[in-house]
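Asker: Handing you this structure, nothing more for now.
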């Protein structure tokens, strides 16, 4: 039984964690072994990187930020993701290199191709089998984050213009790779989204 690599992408507040959890529960019921992980923070090294890039007080140069994410990604894939896939397990991951292209490329206005190439080098060109993009208007996303009533991290604190660029970056990525991406309106009901995601994943399992 071959492994399956599924990533969830989208802006902050789009509901990635909720849908990843629902998908993991469903796949487990189907008898699959599921590994839930995230970037950054999927390993001990990743937790340190996550604290640095999301909670550091003060600015981080955009190129340094991109390199920190890539370093975490290299370690994460080598020590957790690839071994799980080689064991035939399903890896469900909150964010992968598409987030770097959208946030550091489009959001920070770095060269998106260079950011993508950096991640491909870091991961030895590991691509997801399916990428679920939960698309949500940045103003709606901000309302959701406000309602959560918890401190914002560095990226969540960015201005609306930044998040609009990130959203456009994600949609451009999805348009360029329609075979890998499934784009869903994150404003839809939770169960409707979960059903659409299960349908797409089932195609990969058949």
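The values are calculated or read from the model by the stated rules, or taken from the named source; none is laboratory data. Because the structure is a prediction, the values reported are computed rather than measured. Positions of Cβ are generated from backbone atoms using ideal geometry, with glycine treated the same way; all protein chains shown enter the neighbour counts.
Asker: When the residues of the range 1-29 are narrowed to those that are surrounded by fewer than 16 Cβ atoms within 10 Å (Cβ to Cβ) and at pLDDT 95 or above, which ends up farthest from residue 96 (Cα to Cα)?
Answerer: From the range 1-29, those surrounded by fewer than 16 Cβ atoms within 10 Å (Cβ to Cβ) are 1-2, 17-18, 21, 25, 28-29; that's our starting set.
If we keep only those that are at pLDDT 95 or above too, we end up with 18, 21, 25, 28-29.
On the way: 18: 17, 21: 17, 25: 21, 28: 22, 29: 25 Å.
If we take residues in the range 1-29 being surrounded by fewer than 16 Cβ atoms within 10 Å (Cβ to Cβ) and at pLDDT 95 or above, then 29 is farthest from residue 96 (Cα to Cα).
Asker: Looking at the range 41-56 only, could you name the residues that are out of contact with any helix residue (DSSP H, G or I) (no Cβ under 9 Å at 6 or more places or on another chain) and either loosely packed, with under 13 Cβ neighbours inside 10 Å or part of a helix (DSSP H, G or I) (or both)? Walk me through it before giving the result.
Answerer: Quick first cut of the range 41-56, residues out of contact with any helix residue (DSSP H, G or I) (no Cβ under 9 Å at 6 or more places or on another chain) only: 44, 47, 51, 54-56.
Passing the criteria: 44, 47, 51, 54, 55.
Asker: Out of the residues in the range 95-147 that are free of Cβ contacts under 8 Å to residues at least 24 places away in the same chain and assigned to a loop (DSSP other than H, G, I, E, B), which is surrounded by the fewest Cβ atoms within 10 Å (Cβ to Cβ)?
Answerer: Going through the qualifying residues, I end up with 125.
Asker: Need the failing condition index for residue 184 against (1) within 17 Å of the chain's Cα centre (by Cα); (2) within 26 Å of residue 72 (Cα to Cα), just the number.
Answerer: Against the list (1) within 17 Å of the chain's Cα centre (by Cα); (2) within 26 Å of residue 72 (Cα to Cα), residue 184 comes up short only on (2).
Asker: Only residues that are under 19 Å from the mean Cα position of the chain (by Cα) and free of Cβ contacts under 8 Å to residues at least 40 places away in the same chain: list them for the range 189-206, please.
Answerer: 196, the sole residue that qualifies.
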